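> Can you read through this structure? Questions will come right after.
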Amino acid sequence: MIHRLRLCLSLLALVALTHAAAAQTFPARPLRVIVPISVGSVTDVAARLMAQELQQRLGQTVVVLNKPGAAMVLGGSECAKSAPDGYALCLVSPDTMSFNPLTIPDLPYDPQKDFVPVIDMYHVVEGLIVRADLGPGSIADLRARATAEPGKLNFGTLGQRTTTDAFRQWLGEQWGASLGPVPYKGGSEVVNALLAGTIDVTKIGLGNLGGQFQGRNVKVLALTAAHRWQQLPDVPTFAEAGLGGFPGGPIYWGVVVPAHTPAAIATRLHDELAAILRGEKFTAFAAQNFLDPVAGSATDFAAFLKKDRENAAVLVDKYMKQ
């Protein structure tokens, strides 16, 4: 028994020494950043900016690998099966971490067991937006019209069992109104429909608008940000506009690594990424594209993910089972 105990302790010591040695020499080869969406989106561009700066800081090539599709399952699966050595950094979102485990049977990864949180990159600033010729100039105006003309206004969503459709349902409940759903496959399609006048209202990341909010095509009535935004100083936050009670969390993007990645390497990655996300280049990009950098500790990110899973469970139970 004593011999077995000594053997186990020796093995643990050997593993610890191996991890320490790996951390001291890290990185010794190129790294990958796994992005679970297609090339060209704001998040993809943000990932490439982050990768470029990380490459300069680490002195190693950092390659962005796009794995879009299947509600971000492909990206999550690629991350989970990657070696736990710090050479695979994985971008994750509420779909990857909170909703997929609740809505997709036989999910090929477990976000709580297969990943180690590294850093919360940023929260996406969304807007409740109407087409400008619709008329409402405020949330109060929109609510009055929605209740006066039940079922007449429609709401662009990303389809059934998505957070945009859950918000549509919740908003209708709060106002005692009916907003008809019009589903689309992606954010760019929703924006095009809004600009074309096909839909009346939507809630979507303002980075998708590409500056259109500065013209006369659409009007932003409220923002999901914690504070007013520099480009739209007269637009209230959701909390200021009385929409702060939605049970869903913010749309976020963060970085995780595969489970069992040495703690020293995960900490090194966190510190490098935090410096990038707080740096002048990234913060300028974020402000222009309505992204609110977080860049807190790994512990804070883990706590945030736990709360986000709880919020997702509420939304799925109430709005996503039909």
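The values are calculated or read from the model by the stated rules, or taken from the named source; none is laboratory data. Worth saying up front: this structure is predicted, and the values here are computed from it rather than measured. Cβ sites come from the backbone with ideal geometry, for glycine too, and all protein chains shown count toward neighbours. For the accessible areas, the whole protein counts, side chains as well, though only heavy atoms, and no ligand, DNA or RNA atoms are used. Shrake-Rupley method; radii C 1.70, N 1.55, O 1.52, S 1.80 Å.
> Residues to consider are 246, 213; find the one that is open to solvent by less than 50 Å² (accessible area, probe 1.4 Å), of a type in the set (Phe, Trp, Tyr) and modelled with pLDDT under 90.
None of the others qualify; the one that does is 213.
> Of the residues that make up the range 221-229, is at least one assigned to a strand (DSSP E or B) and among the aromatic types (Phe, Trp, Tyr)?
yes
> I want to confirm something. Restricting to the range 233-283 and keeping residues that are within 20 Å of the chain's Cα centre (by Cα) and of a type in the set (Val, Ile, Thr), which single residue is nearest to residue 221 (Cα to Cα)?
Selected residue: 237.
The rows are residues; the columns are (1) under 16 Å from residue 50 (Cβ atoms); (2) part of a helix (DSSP H, G or I); (3) without any contact (Cβ under 8 Å) to a residue 12 or more places away in the chain.
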{"residue": "260", "(1), (2), (3)": "no, no, no"}
{"residue": "264", "(1), (2), (3)": "no, yes, no"}
{"residue": "271", "(1), (2), (3)": "yes, yes, yes"}
{"residue": "276", "(1), (2), (3)": "yes, yes, no"}
{"residue": "284", "(1), (2), (3)": "yes, yes, yes"}
{"residue": "301", "(1), (2), (3)": "yes, yes, no"}
{"residue": "306", "(1), (2), (3)": "no, yes, yes"}
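> Quick one: would you say residue 197 is surrounded by fewer than 18 Cβ atoms within 10 Å (Cβ to Cβ) and touching a Ser or Thr at 6+ places or on another chain (Cβ under 7 Å)?
Here the answer is no, as residue 197 does not meet what is asked.
> Between a first residue in the range 56-81 that is at pLDDT 95 or above and a second residue that is among the aromatic types (Phe, Trp, Tyr), which pairs have beta carbons less than 8 Å apart while being 6 or more apart in sequence or on different chains?
76/109; 77/109; 79/109; 79/115; 80/109; 80/115
> Give the range 230-242 a look and list any residue that's at pLDDT 95 or above and outside any loop (DSSP other than H, G, I, E, B), or say none.
Scanning the range 230-242 gives a single hit, 237.
> Just one of 219, 306 is of a type in the set (Lys, Arg) and within 30 Å of residue 135 (Cα to Cα); which is it?
Testing whether each residue is of a type in the set (Lys, Arg) and within 30 Å of residue 135 (Cα to Cα) leaves just 219.
> If I ask for residues that are of a type in the set (Val, Ile, Thr) and open to solvent by 20 Å² or more (accessible area, probe 1.4 Å), which ones from the range 251-265 would you list?
Scanning the range 251-265 gives a single hit, 251.
> Okay, next question. Can you spot a residue in the range 267-282 that is modelled with pLDDT of 95 or more and under 24 Å from residue 129 (Cβ atoms)?
no
> Another question, then. In the range 269-288, what residues are polar (S, T, N, Q) and surrounded by 20 or more Cβ atoms within 10 Å (Cβ to Cβ)?
none
> Something else now. Yes or no: the range 152-170 includes at least one residue that is over 18 Å from residue 248 (Cα atoms) and touching an Asp or Glu at 6+ places or on another chain (Cβ under 6 Å).
Yes, because at least one residue in the range 152-170 is over 18 Å from residue 248 (Cα atoms) and touching an Asp or Glu at 6+ places or on another chain (Cβ under 6 Å).
> Give the residues of the range 159-185 that are of a type outside the set (Ser, Thr, Tyr), open to solvent by less than 20 Å² (accessible area, probe 1.4 Å) and under 19 Å from the mean Cα position of the chain (by Cα), sorted by residue number.
Once the filter is applied, which keeps residues that are of a type outside the set (Ser, Thr, Tyr), open to solvent by less than 20 Å² (accessible area, probe 1.4 Å) and under 19 Å from the mean Cα position of the chain (by Cα), the range 159-185 yields 159, 165, 166, 167.
> Output the qualifying pairs, or none if there are none: Cβ atoms under 7 angstrom, residues six or more apart or on different chains, first residue in the range 18-34 and more than 21 Å from residue 49 (Cα to Cα) and modelled with pLDDT of 90 or more, second residue open to solvent by less than 70 Å² (accessible area, probe 1.4 Å) and assigned to a helix (DSSP H, G or I).
26/265
> Can you pull out the helices (runs of 4 or more DSSP H) entirely within the range 23-141 that have at least 2 residues that are open to solvent by 30 Å² or more (accessible area, probe 1.4 Å) and over 30 Å from residue 226 (Cβ atoms)?
By residue number, 42-58, 73-80.
> Run residue 245 past the list (1) touching a residue at least 24 places away in the same chain (Cβ under 8 Å); (2) not in a loop (DSSP other than H, G, I, E, B) and report the number of the one that doesn't hold.
The single condition residue 245 does not satisfy is (2).
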